[in-house]
Structure formats: C-alpha cells, structure tokens
Amino acid sequence: MSAYGDKMAETVEVLVPGGRATAGPPLGPALGPLGINVKAVVDDINKKTAEFNGMTVPVTVAVDDKKNVTLTIGIPPTTALIKKEAGVEKGSGAPNTEKVGNLPLDAVIRIAKMKMENMLSYNLKEAAKEVIGTCVSVGVTIEGKTPKEAIAAVNAGEWDAQLA
C-alpha cells in the first residue's frame, strides 16, 4: 500500500499452450487468490491465443484493485513460428546438412511482421533477414533456397516487391 491507500496491480506472467489454457496450473493457482473469475480469464486467453495453437505463448495477466483484468499476449519465439509455418514438429538435429522443411516467402514476411516490434530491425526487409537467419538453426529453407542463399537474394533485391 502506498501513502495514498491505493494498491498496485497484481501481475501474473505465465506460459500457456496457445488456445488451450486451462484453469489448472500454472494459471488457476496463480489467479485464484486474486479474487477474479478465473474461467472468464482463461476463456479470454484462449480466444486471444487461438492462432498460436500448438505453441507456447507468453501471457501477462494484470489485475488492478477494482478487479479489472488486463491481458497482454506475447508472441511465441521465432523458432516456434517457423516450425508452425513449415509444418514441422521439431528443428533439424543437423541443420547444416539435413533440412526439415521449406517456408514460402509470404510465411517469412508474416513472421517478420509479428515479431518486428521485438526485433532490432527497423524495416520489413531487415526483419525478414532476421527470420531467415533463424531458419539456419531450425534447418528450414526459404523458397527452396538455403538461408544463406535467401539472404543473398534479399540483399540483391530479388524480393523487394514483396518486402516493400
């Protein structure tokens, strides 16, 4: 309590399965003591994370002293987004020699736009190169090109129309 008698918001940060959070751990036990409708919050989280089905999503639940709930939905890691778009369960054990999937350029752009806020990149072209760079460790090609070839294509301006 501050000198003014008002309480700060309680904040709970959890990782939940996209679209499939439950009132069980980790959410239920963390939210229960806050005196809010846990089921309504879980339903809201599931609505807002449905597009990330099958991925782990960072979620922050803030509850103020009037029991108002504010949800902040994070974006799954770039590697998880790449695996989902490429339709692979896990990355390659030997990414330099064994490729596990291929991404179309529009998937790279979708991921770059989702993650751009949390990237160092200042434009879509640079953000796409960051995503392509992450494809190296996952073992995924882009438009049939290795990540190195794809970055060379971006640098050469081959995909400028899509990356504008």
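The values are calculated or read from the model by the stated rules, or taken from the named source; none is laboratory data. Keep in mind the model is a prediction, meaning the values are calculated, not measured. Backbone-built Cβ (ideal geometry, glycine too); neighbour counts: all protein chains shown. Please note that ligands, DNA and RNA were not included when accessible areas were found on the heavy atoms of the full protein model with its side chains. Shrake-Rupley method; radii C 1.70, N 1.55, O 1.52, S 1.80 Å.
Scanning the stretch 15-30 for residues that are more than 21 Å from residue 77 (Cα to Cα) and under 23 Å from the mean Cα position of the chain (by Cα) returns 22, 23, 24, 25, 28, 30. Against the condition among the charged types (D, E, K, R), modelled with pLDDT under 95 and either under 30 Å from residue 28 (Cα atoms) or assigned to a loop (DSSP other than H, G, I, E, B) (or both), how does residue 160 come out, does it pass? So residue 160 fails the test.
Which of the following residues is in a helix (DSSP H, G or I) and under 16 Å from residue 136 (Cβ atoms): 51, 85? Reasoning before the result, please.
Details: 51 fails: under 16 Å from residue 136 (Cβ atoms).
Step by step, each of 51, 85 is checked, and only 85 is in a helix (DSSP H, G or I) and under 16 Å from residue 136 (Cβ atoms).
Filtering the stretch 89-120 to residues that are open to solvent by 20 Å² or more (accessible area, probe 1.4 Å), among the polar types (S, T, N, Q) and not in a helix (DSSP H, G or I) leaves 96, 97, 102. The C-beta contact set for the stretch 88-114 (first residue farther than 15 Å from residue 125 by Cα, second residue in a helix (DSSP H, G or I), distance under 6 angstrom, 6+ apart or interchain) comprises 91/138; 95/137; 101/86; 103/85; 103/86.
When the residues of the stretch 60-76 are filtered to those that are assigned to a loop (DSSP other than H, G, I, E, B) and open to solvent by less than 60 Å² (accessible area, probe 1.4 Å), which remaining residue is nearest to residue 30 (Cα to Cα)? Write out each step before concluding.
Kept after step one, since they are assigned to a loop (DSSP other than H, G, I, E, B), are these residues of the stretch 60-76: 64-68, 74-76.
Those still in the list that are open to solvent by less than 60 Å² (accessible area, probe 1.4 Å) too: 64, 74-76.
Values: 64: 15, 74: 18, 75: 21, 76: 21 Å.
Step by step, filter the stretch 60-76, then rank; the result is 64.
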